[in-house]
Amino acid sequence: MARDTSPQCKQCRREGQKLFLKGERCLTDKCGVERRSYPPGEHGRGRMKQSEYRVQLREKQKARRYYGVLERQFHGYYVKASRQPGITGENLLALLECRLDNVLVRLGFAASRRQARQLIRHGHWTVNGRRVNIPSYQVRPGEVIAIKADTPATQVVRDATELTGQIPAWLQADHESLTAKVLRKPERREVAAPVQEQLIVELYSK
């Protein structure tokens, strides 16, 4: 499985804002954006020309890094979203939000998407009673997500629930039994991603 192993704090610094890629660390003074609020690299503090293409590219890179998706897979999501009825940008965000690794983060069952992917790859989660070890699995309305019985990762998941904020209305979670249900597909106003999806559509439409 291909994955991005580059330093995560540098990714946040490149985009100029917190993407919460490292879970609890992002809430402390050790956060890379808090310590160095300029882009990484030799020319990080220099002036950069804000062309239209650069703004669109940075928005696409921000979305890709936020959800932890590589370039080829991200483009595949865009192609799929463009073929669905409705607004392409909103379809794209809905597909990304419905990834199983992202859903675990939204439910508070993982502190970060990287942790969620690891828990899924190691087979600690089930969907409708069947083990799922694919982080990109698309959850559907009515499906029940639960932690595997007697898994050693239970305490890790319970620790992550302590960092949980508000759970989106399209999801329902029980932090006692560590189970959840997908009520429906997310609407645009319920997506908390710091992304302007229209800029991504404009970039790929060229």
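Observations on the structure shown:
- Listed residue pairs exceeding 29 Å between alpha carbons, taken from 181/206; 62/185; 49/206; 49/80; 49/185: 181/206; 49/80; 49/185
- Phi to ³J(HN,Hα) by Karplus 6.51 cos²θ - 1.76 cosθ + 1.60 over the stretch 60-77, Hz, x for Gly, Pro: 5, 5, 4, 5, 5, 6, 4, 8, x, 10, 7, 4, 5, 5, 4, 5, x, 4
- The mean of 1/r over all distinct Cα pairs in the stretch 51-206, once inverted, gives the Kirkwood hydrodynamic radius of 16.1 Å.
- Value of D in µm² per second that Stokes-Einstein yields for the stretch 99-184, Kirkwood Rh from Cα pairs, at 10 °C (1.306 mPa s): 129
- Remark: relative contact order (the stretch 99-184) = 33 percent; criterion is Cα-Cα distance under 8 angstrom and separation of 6 or more residues.
Only the coordinates and a few stated rules stand behind these numbers; no lab work does. Note that the structure is a prediction, hence the values are computed from the model and not measured.
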